[in-house]
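**Student:** Shown below is the structure under consideration.
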Amino acid sequence: MQYVVMPTADIRRNLATEQYLMNNDQLELPLMLFYIEKPCVIVGRNQNTIEEINQKYCRENDVTVTRRLSGGGAMYQDLGNLCFSFIVDAGSREFGDFKTMVAPIVDALHKMGVTGAEVTGRNDIVVDGKKFSGNAMYTRGGKTFSHGTLMLDVDTDEVTKTLNVPLDKIKSKGIKSVRSRVTNLRPYLSAKYKNITTEEFRDLLIQNVLEIANPQEIKQFEYKLTEEDEKQITQLEDKIYANWDWVYGQSPEFTVKKRQHFTNGTVDARILVEKGKIKNITFFGDFFGTHIVTELSEKLLGCLFEKDKIEEALKDVDLNQYFQGIPRQDIIDLLAD
């Protein structure tokens, strides 16, 4: 079995690399991939991105947001997390059989001291009833890849902050994530592995999966990306994983209720969003204004449902004419945060 160690810490490029390698008919299967990311959130293919993430927190804390090809729920990752993937011939595995697919990883973890690790439910790996790995699967062109996370030392506080959506009310047809109790693996590792880095953890996993005693010998099984590989990967990254339309525009139609009481009245906005753009917006409340709020609604139709885009659409609008006495920034924050 060959393996690939992703050279970057950008989730968008790593997912593009994974897709490229899956589509590359020149590589022998099975193929094993490992990658480590800077703080990021990855939503499942069928999810509503805006419903799954705290947009304001992610924006202000430089958390990358993207969407993957596979289904399943949203997940947070940082440099304390290790991702792994297996690319196999589709005929060699039953789609959805996560237990068989991740068995080499579970066996390797047992050797490292995590003897209680087991696959449970549909696609999780747990220890002591707490989840440390979520997995998803995708098949196309006669190949299947199964990818998952391994929480070695993830900042679990960030999981709550990035995935806690602070909307008053949202109704969507998207597939919602189910939050589980989570844990890091470090406390469960054997004493000699307690202080390993994420990179050392990765290399030890590779060694155990390949069942090679001498760590220096694993390099003969490594596939190094070529210049042509990198070129093709860049195209995929730009076209898909760094593309707003893929990350947000693929979200199903949904409605948001944004309501807040201010000193000069209550504003209740009902926003219908389709493919990431405002399709309809209606304002209710006991506020006062010299202009009719339907005029304001018309100015926002077709606007991307993002704070900077809403600010741009309203830059020349005197919002005090619609919401007298309510600060301009408060209205924009209500609509977009």
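**Student:** Out of all the residues in the stretch 21-40, is one or more part of a helix (DSSP H, G or I) and in contact with an Asp or Glu (Cβ under 9 Å, 6 or more places away or on another chain)?
**Tutor:** We begin by selecting, within the stretch 21-40, every residue part of a helix (DSSP H, G or I); these are 21-23.
Checking which are in contact with an Asp or Glu (Cβ under 9 Å, 6 or more places away or on another chain) leaves us with 21.
Yes, some residue in the stretch 21-40 is part of a helix (DSSP H, G or I) and in contact with an Asp or Glu (Cβ under 9 Å, 6 or more places away or on another chain).
**Student:** May I pose another question? Quick one: which residue in Val65, Val5 is touching a Cys at 6+ places or on another chain (Cβ under 6 Å) and open to solvent by 10 Å² or more (accessible area, probe 1.4 Å)? Please lay out each step first, then the result.
**Tutor:** Values: Val5 fails: touching a Cys at 6+ places or on another chain (Cβ under 6 Å).
Within the list Val65, Val5, the selection yields Val65.
**Student:** Could I ask something else about it? Checking Glu230 against (1) open to solvent by less than 60 Å² (accessible area, probe 1.4 Å); (2) of a type in the set (D, E, K, R); (3) in a strand (DSSP E or B): exactly one of these is not met. Which one?
**Tutor:** The number of the failed condition is (3).
**Student:** Take the residues in the stretch 125-165 that are part of a strand (DSSP E or B) and of a type in the set (Ser, Thr, Tyr), then tell me which one is most open to solvent (accessible area, probe 1.4 Å).
**Tutor:** Just the residues of the stretch 125-165 that are part of a strand (DSSP E or B), to begin with: 125-127, 130-140, 143-151.
Filter once more, so that each one left must be of a type in the set (Ser, Thr, Tyr): 133, 138-139, 144, 146, 149.
Numbers: Ser133: 0, Tyr138: 37, Thr139: 65, Thr144: 6, Ser146: 0, Thr149: 12 Å².
So, considering only residues that are part of a strand (DSSP E or B) and of a type in the set (Ser, Thr, Tyr), the one most open to solvent (accessible area, probe 1.4 Å) is Thr139.
**Student:** Here are Ile170, Ile175: which of them is modelled with pLDDT under 90, farther than 25 Å from Gly96 by Cα and surrounded by 14 or more Cβ atoms within 10 Å (Cβ to Cβ)? Talk me through it step by step, then tell me what you get.
**Tutor:** Values: Ile175 fails: farther than 25 Å from Gly96 by Cα.
The match here is Ile170.
**Student:** Next up: Residue under question is Phe288, and the condition is that it be farther than 25 Å from Ile11 by Cβ, open to solvent by 70 Å² or more (accessible area, probe 1.4 Å) and assigned to a loop (DSSP other than H, G, I, E, B); does it hold? Before the answer, list the steps.
**Tutor:** Numbers: farther than 25 Å from Ile11 by Cβ: yes; open to solvent by 70 Å² or more (accessible area, probe 1.4 Å): yes; assigned to a loop (DSSP other than H, G, I, E, B): yes.
So Phe288 passes the test.
**Student:** Quick one: Phe95 ticks every box in (1) out of contact with any Asp or Glu (no Cβ under 7 Å at 6 or more places or on another chain); (2) open to solvent by less than 50 Å² (accessible area, probe 1.4 Å); (3) among the aromatic types (Phe, Trp, Tyr) bar one, so which box is it?
**Tutor:** With (1) out of contact with any Asp or Glu (no Cβ under 7 Å at 6 or more places or on another chain); (2) open to solvent by less than 50 Å² (accessible area, probe 1.4 Å); (3) among the aromatic types (Phe, Trp, Tyr) applied to Phe95, the lone miss is (2).
**Student:** Name the strands (runs of 3 or more DSSP E) wholly within the stretch 43-102 that hold at least 2 residues that are touching a Gly at 6+ places or on another chain (Cβ under 6 Å) and among the acidic types (Asp, Glu)? Show your work before the answer.
**Tutor:** Details: elements: 64-67, 75-77, 81-89.
Where strands (runs of 3 or more DSSP E) fall fully within the stretch 43-102, none carries at least 2 residues being touching a Gly at 6+ places or on another chain (Cβ under 6 Å) and among the acidic types (Asp, Glu).
**Student:** Moving on to the next point. Could you give every pair whose Cβ atoms fall below 7 Å, whose first residue belongs to the stretch 25-39 and is touching a residue at least 12 places away in the same chain (Cβ under 8 Å), and whose second residue is open to solvent by less than 10 Å² (accessible area, probe 1.4 Å) and among the acidic types (Asp, Glu), counting only separations of at least 6 or pairs across chains?
**Tutor:** Close Cβ pairs (under 7 Å, with a partner that is open to solvent by less than 10 Å² (accessible area, probe 1.4 Å) and among the acidic types (Asp, Glu)) amount to Leu33/Glu18.
The values are calculated or read from the model by the stated rules, or taken from the named source; none is laboratory data. This one's a predicted model, so the numbers in the text were calculated from it and none came from an experiment. Every residue, glycine as well, gets a Cβ built from its backbone with ideal geometry; the counts of neighbours run over all protein chains shown. In case anyone asks, the SASA skips ligands and DNA or RNA and just uses the protein heavy atoms, side chains included. Shrake-Rupley method; radii C 1.70, N 1.55, O 1.52, S 1.80 Å.
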